[in-house]
Structures are given as C-alpha cells and as structure tokens.
1. For segment 11-33: of the residues being among the aliphatic types (A, V, I, L, M) and closer than 13 Å to Arg121 by Cα, which is surrounded by the most Cβ atoms within 10 Å (Cβ to Cβ)?
2. Looking at segment 56-70, can you tell me whether even one residue there is open to solvent by 50 Å² or more (accessible area, probe 1.4 Å), out of contact with any Asp or Glu (no Cβ under 9 Å at 6 or more places or on another chain), touching a residue at least 60 places away in the same chain (Cβ under 8 Å) and farther than 23 Å from Glu9 by Cβ?
3. Scan segment 77-123 for residues that are acidic (Asp, Glu) and farther than 16 Å from Val31 by Cα and report the count.
4. How many residues, within segment 73-117, are outside any loop (DSSP other than H, G, I, E, B) and either at pLDDT below 95 or open to solvent by less than 30 Å² (accessible area, probe 1.4 Å) (or both)?
5. Given the conditions (1) touching a Lys or Arg at 6+ places or on another chain (Cβ under 6 Å); (2) surrounded by 17 or more Cβ atoms within 10 Å (Cβ to Cβ); (3) closer than 16 Å to Pro7 by Cα, and given that Leu123 satisfies all but one, which numbered condition is not satisfied?
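The values are calculated or read from the model by the stated rules, or taken from the named source; none is laboratory data. Keep in mind the model is a prediction, meaning the values are calculated, not measured. Every residue, glycine among them, receives a Cβ derived from its backbone with ideal geometry; neighbour counts consider all protein chains shown. Heads up: the accessible areas ignore ligands, DNA and RNA and are worked out on the full protein's heavy atoms, side chains in. Shrake-Rupley method; radii C 1.70, N 1.55, O 1.52, S 1.80 Å.
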Amino acid sequence: MIQPLSPAEAATRLGELWSPRVLAEVDDAYVKVAKVHGTLAWHSHAEEDELFYVLKGALRIELEDGVVELGEGQMCVVPKGVRHNPVAEQECHLLLIERKSTRHTGDVVTGLTRSIDEQRRPL
C-alpha cells in the first residue's frame, strides 16, 4: 500500500551529518534526506545532475564561478560536471534528488563519503 512520507520529519531523525538516506525511488532516481553542518567537499558528478531542496536552515553551494545561497523552501539544481562544495554554517536539513548512479561525493573520496548501501540503511 502507498504510504505518505514526511521528508522534514525523516530528516530530524537522522543521527549523522552528511550521511544521506534514501526515502524513495522514482524511476532511475533516489529521493534522499540529509542533515548537514559544516563543509562536505569540492566535487562533481560527471554524468548526473543533483537537486538540493532546503527543508530547514540554509545552505551555501560554492561553485567555481560563484555561490548559490538557499534558504528554507528554496532549491537549485547543480548540473552534471559542475564542481561544487555544499556548506552549512548551522544545521540544515535537505531533500536531495539524484540518479541512482550518483556517487555521494562524486569524483572525490573523503571520510564523509557514504556508499549507496550506507545511504539505503533504514532511518
């Protein structure tokens, strides 16, 4: 049976920062939530776009040619191949939509990088 989901509520239950969790699948994409604070890493996704939607707080996405500032209820899409660095000065809750092939930190591996298996763990 189809059940309603609350991404905002799911994000509040997350215990780890920068560790997205898959909430749903839509065709070849995952819908994820994440709790973030601080800086992730400069990276890109060669073949995938990435949608960021701010559920709570604010997110700065640093780009090589500028900065995108997002507040609650705002979103942006980082196009494939664009190097970016997500930064949250305070705790921020996000909804992300990414193709299933999208690696968490793209072309970079750090201590914050999470595999898709880790992202699919139950909340």
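1. Residue satisfying both the conditions and the ranking: Val33.
2. No.
3. The qualifying residues number 3.
4. Step one: filter segment 73-117 for residues outside any loop (DSSP other than H, G, I, E, B), giving 75-78, 84-99, 116-117.
If we keep only those that are either at pLDDT below 95 or open to solvent by less than 30 Å² (accessible area, probe 1.4 Å) (or both) as well, we get 76, 78, 84-88, 92-96, 98, 116-117.
Residues meeting the conditions: 15.
5. Unmet for Leu123, out of (1) touching a Lys or Arg at 6+ places or on another chain (Cβ under 6 Å); (2) surrounded by 17 or more Cβ atoms within 10 Å (Cβ to Cβ); (3) closer than 16 Å to Pro7 by Cα: (2).
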